[in-house]
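The values are calculated or read from the model by the stated rules, or taken from the named source; none is laboratory data. This one's a predicted model, so the numbers in the text were calculated from it and none came from an experiment. Here Cβ is always computed from backbone atoms with ideal geometry, including for glycine, and neighbour counts include all displayed protein chains. These area figures cover heavy atoms from the full protein model, side chains too; ligands, DNA and RNA do not enter into them. Shrake-Rupley method; radii C 1.70, N 1.55, O 1.52, S 1.80 Å.
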Amino acid sequence: MTAGNRPSVLIIGAGFGGIGMAIELRRNGFDDIAILERAADLGGVWRENTYPGAACDVPSPLYSFSFEPKPDWPQRYSGRESIHAYLRGVAERNGVFDTIRFGAEVTDAEFDDATGHWTVRTADGTARTADVLISAVGQLSRPALPNIAGLDTFAGAAFHSAEWDHSVDLHGKRVACIGTGASAIQYIPEIQPKVEQLTLFQRTPAWVIPKFDTDYSPIQHRLFARLPGALLVERFGWWSIAEFVSLGLVEFPAIARLVATLAERHLRKQVADPELRAKLTPDYPIGCKRGLFSNDYYPALTQPNVRVETTAITEVVPQGVRTADGTVHEVDVIIYGTGFKGTEFLWPMHIYGRGGRKLSDVWADGAHAYYGVTVPEFPNLFLVYGPNTNLGVGSIIYMIESQARYIRQAVELLGRHPGHSLEVRADQEARFNEALQQRLARTPWNFCASWYRNAAGRITNNWPGSQTSYRRRLRKLDPADYTLTPAA
Ligand code: N01
């Protein structure tokens, strides 16, 4: 415990979660903070995902910190460069950039029952200790390659969307794109005009919703700068839409049907060919997978150099991709838009709690945590964007702020009890989790496979409600939910 009973804190990850957490602590007088970041730059997914067209499909006035509104977003749905630059600026202006230790990849962390400290080791062999450990590694930081035979045999260039190989010139190439998620629908319209032939291997069609995008004009920038209330109105508008649509997840399915109608009309309007339209029509409830927003995805798929292949892939061979009908689709490049290891929380770090208990063992059947933030038997450990905190609709930054405020209260509580460790009560977490599972059972996420569910079908990633219902519940930490234990 540092001077003035201010616990020392180590944060893992310098994305929106880690930076938001550090700022919340800094603003409340905690100075002994370090952020351990494996890469050479901050930014998390906005640093890693450099694929063409990478942008956020949540409007920027909402996808930004409440305490750092930005009047000059170039577009309503800003590109990754703008978002990355915004996060850097926020970190610098709020005095947390200098707390980042770059190139520090955490491999394992261990709680010491005797001292009540965490010892955190990084890949270079360095060990650091702190009173509190906060993981802010996100849910989508580890790309997943598909489980398809023969991936290594392909003779051409192949890469994952989150590890885009910019040295590969796609002009005039035959390209196979595997996957039709939020990443693919952003880069397919960008690469389609360049390539000779694009074969899109679609296992499941997506629900695609029109994107009400706009470039903000210089007049709007001036207005937002001079009248901050105007930007707040825009933020409030998008927040309200997210709140309304999220009601469609559990309470009012009619709202989900309304959004589905919008998506169906979008498909009808943009795709005239009935055969292609049939291929692109989802046969599962909207919201089950993440809803996608695009105005240029369908038009790209109607171009003469694009083929949507729905026959299942059986293997990758040196010349290309073989499908179940025996056809070998010869290509020069394969792009895997196949998502992330989203259900493997905190993987591949080894985290040991009280009595050497391993977090991956506790989570063997699926990750769970009290409001996604804290786990019994792992004292003084907190998670930002942990299990069941992802949203079907809304802004993750809003969720991150809710968590940061709650975790800051936990750190303050700990500070008031020097020499103690703080741990959520197991019965409290179990009760919370039971209620959560009951509510999750009523969501559309049960009706298809997605990165929201683990191999056993358990929904480990999503919060079954609105961003505001989550915030309300985390507003005030109740010390009765926790036990304080004196160090041995
Ligand atoms: O990945 P995904 P993503 N054979 O997991 C297919 C966030 N994000 O990178 O649906 C054939 O959504 C798989 O098929 P299926 C956002 O939260 C945000 O696109 O399982 N296909 C699916 O089509 C998003 O949800 C933004 O049948 C295979 C695709 O690969 C999350 O990141 C932008 C396959 C994977 O889709 C992940 O999106 C981009 C196989 N063996 C991303 N294995 C914003 O704008 C997998 N697939 C904020």
>> On a 1.4 Å probe surface of the protein chains, which of Asp215, Asp478, Asp41 comes out largest in accessible area, and what is the full order?
In response: Asp215, Asp478, Asp41
>> At 1.4 Å probe size, put His171, His221, His329, His350 in order of accessible surface, largest to smallest.
In response: His171, His350, His221, His329
> Expressed as a whole percentage, what fraction of the accessible surface of the chain belongs to carbon and sulfur atoms when a 1.4 Å probe is rolled over the protein heavy atoms?
Replying inline: 52 percent
>> Under 22 Å between alpha carbons: how many lysine pairs meet that in region 227-375, if sequence neighbours fewer than 8 apart on the same chain are excluded?
In response: 4
> Around Glu163, with a cut-off of 15 angstrom between Cβ atoms, what is the net charge of the other residues, counting Lys and Arg +1 and Asp and Glu -1?
Replying inline: +3
> What residues qualify as long-range amide H neighbours of Ile12, i.e. H under 5 Å apart, gap of 5 or more or another chain, H built at 1.01 Å from N?
Replying inline: Leu36, Ile134, Ser135, Ala136
> In debye to the nearest 20, how big a dipole does the chain give about its Cα centre with +1 on each Lys and Arg Cβ and -1 on each Asp and Glu Cβ?
Replying inline: 1320 debye
> Cysteines of the chain lacking any other cysteine beta carbon under 4.7 Å?
Replying inline: Cys56, Cys177
> Which is the longest part of the chain that has none of the chymotrypsin sites (Phe, Trp or Tyr not before Pro) sitting in a DSSP loop with at most 14 other Cβ atoms within 10 Å?
Replying inline: 213-488
> PRE reach from Lys194 (point 7 Å along Cα→Cβ): which of region 282-319 fall under 20 Å by backbone N?
Replying inline: 295-307
>> Tell me the relative contact order for the chain as a rounded percent, counting alpha carbon contacts under 8 Å between residues six or more apart.
In response: 21 percent
>> Antiparallel versus total DSSP beta bridges in the chain: what percent is that, nearest 5?
In response: 45 percent
>> Helix-only estimate, please: 222 nm mean residue ellipticity of the chain, summing -39500 (n - 2.57) across DSSP H runs of length 4 or more and dividing by its residues, to the nearest 500.
In response: -9000 deg cm²/dmol
> If we count every other residue with Cβ under 11 angstrom of Ile185's Cβ, Lys/Arg +1 and Asp/Glu -1, where does the sum land?
Replying inline: -1
> Can you list the trypsin sites (Lys or Arg not before Pro) in region 336-422 that are in a DSSP coil and have 13 or fewer other beta carbons within 10 angstrom?
Replying inline: Arg416
> Between Asp169 and Arg472, 0.36 nm times their residue separation minus their Cα-Cα distance comes to what?
Replying inline: 104.2 nm
> For Glu37, what is the net charge nearby, where nearby means another residue's Cβ is under 9 Å from its Cβ and Lys, Arg count +1, Asp, Glu -1?
Replying inline: 0
